[in-house]
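Asks: Below is one structure. I have some questions about it.
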Amino acid sequence: MSRSYPKSISKGVDWLTVLLYALLVCIGILCIFMVEYDPSTFTPASFFQGHTNYSKQILFAGICVVVALFIILSDSKLYPAFANLMYVFGIILMFSVFVIGKDINGSKSWIPLGGGFNLQPAELCKIFTSLALAKYLSQLNMDFTKLQSQIIAGVLALLPALISIAQNETGLALVYMSFFVVMYREGLPGMILIIGFSFGALVVATLTVEKNTLAIILTLIAGFLVFMFRRQIFVRKRWGLFILITTVWFVCVGIQRFAVPYIFNNVFECYQSQRIYSAVGKDYDCSQNKHALQTEAKGKTASKPDDYNVRQSKIAIGSGGFLGKGFLKGTQTRGKYVPEQHTDFIFTSLGEAFGFVGSFLFLAIYFFLLFRIVFIAERQRSTFSRVYAYSVASILFFHIVVNVCMTVGLFPVIGIPLPLVSYGGSSLLTFTILIFILIRLDADRSMVLR
């Protein structure tokens, strides 16, 4: 007589990914504890009283454990089934911030939940966008080489980004650019990425090179290309190629002489322009900024931001040396010299305490997690699961690279948290849901989800 036993909930679960997730969460709590530790007031009970950031992060982690278990026990078919509905819900939630949201650090992107806790819909919408994009790209007869399909996918990714910009949350808006890497994996022409990177290089060149010199350089490049293709243009009469080179030259010169200065002087706030300029080693003149002039016209002083955060961050990381100063021995960290060191600049506490070796091992854990997620993505039978997995990997990669580069001065300060490590319930919950939905989908990888 045969008996049928219920399947174990752990069947198919990628426990290595779970272990890496748990390890990073524990490192995050440890780093937050190092930042806030005060030997004169510390007691073991402070871990559970909820009055310190590290105790709150422990509470957030406990909530995330419950959410993770719920996701593991759920049916993987629910995610493609409700992907579009969740995306619409996320967009509505982001719009609701304009009505019921509150301003924190100049960004009106938070919904107060009471008890000192706040929800940031732009964080959660990364989950919904990942699911919606996976749903769209996994449709039957999807031909992603068509321009219409590429535009629809681009709108799905960029709509939350535009709302985030309206909420003065530029950093989170940039995260949504990571979805274009996913689209590239699914067939987006590489030329689009080349154009994007070329535009970024042109902007950097505009900020670092004198405008007339850069215009001459662009003209010389265009002239060189015409010379290289002179036979095709003048002998074979391929005037379309000549028109293309001329048009690209005209657009590039227009961008560097008019578009970039206009954006920095009229669209960006003074502090935003200054942060970007400081990342390339330049100083921005706020007297050219429209918003700064409007502030001064109202009788207020437009304070010019500096790179104090980054300078203190570099000092803290550099003081760690090769092996670090040791656990709870960081003078910069415990001296509160680095602003926002429990959130955006949490990497400084780890760099000072454990030095180059500790930082390298820490980043190696991230690299291993990313490698594991890409491995999981490539073994999926379902297009939905594969696209979603690459979305998770792209979001994590963007956060990690930008945050670490931000703390060492290689990228402007834009308020990007370090995944699973920076303090914050919304961020921790978002990455928990992202990762564990992936684990749930991977556990049922034999299914073909649409």
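FYI, it's all coordinate maths here, none of it is from the lab. It should be emphasised that the depicted structure is a prediction, and the values quoted were computed from it without experimental measurement. Every residue, glycine as well, gets a Cβ built from its backbone with ideal geometry; the counts of neighbours run over all protein chains shown.
Asks: Could you order the peptides 231-241, 62-72 from most to least packed, using the average number of other C-beta atoms within 10 Å per residue?
Replies: Descending packing order for the listed peptides: 62-72, 231-241.
Asks: Tell me which residues come under 5 Å, amide H to amide H, from residue 119 once H is placed; ignore anything under 5 positions away on its chain.
Replies: Those qualifying (amide H under 5 Å, at least 5 residues apart or on another chain) are 111, 113.
Asks: While we're on this one: If you place +1 on the Cβ of every Lys and Arg, -1 on the Cβ of every Asp and Glu, and leave all else neutral, what size is the dipole of the stretch 314-450 about its Cα centre, to the nearest 20 Debye?
Replies: Using Cβ point charges on Lys, Arg, Asp and Glu, the stretch 314-450 gives about 200 debye.
Asks: So how strong a dipole does the stretch 197-297 carry about its Cα centre when Lys and Arg Cβ are +1 and Asp and Glu Cβ are -1, to the nearest 20 debye?
Replies: I would put it at about 860 debye.
Asks: How big is D, in µm² s⁻¹, for the stretch 197-297 by Stokes-Einstein at 25 °C and 0.890 mPa s if Rh is the Kirkwood radius over C-alpha pairs?
Replies: Using the Kirkwood radius from Cα pairs, D works out to 160 µm²/s.
Asks: From the helices alone, meaning DSSP H stretches of at least four residues, give me the mean residue ellipticity at 222 nm for the chain, per-run term -39500 (n - 2.57), in deg cm²/dmol to the nearest 500.
Replies: -20500 deg cm²/dmol
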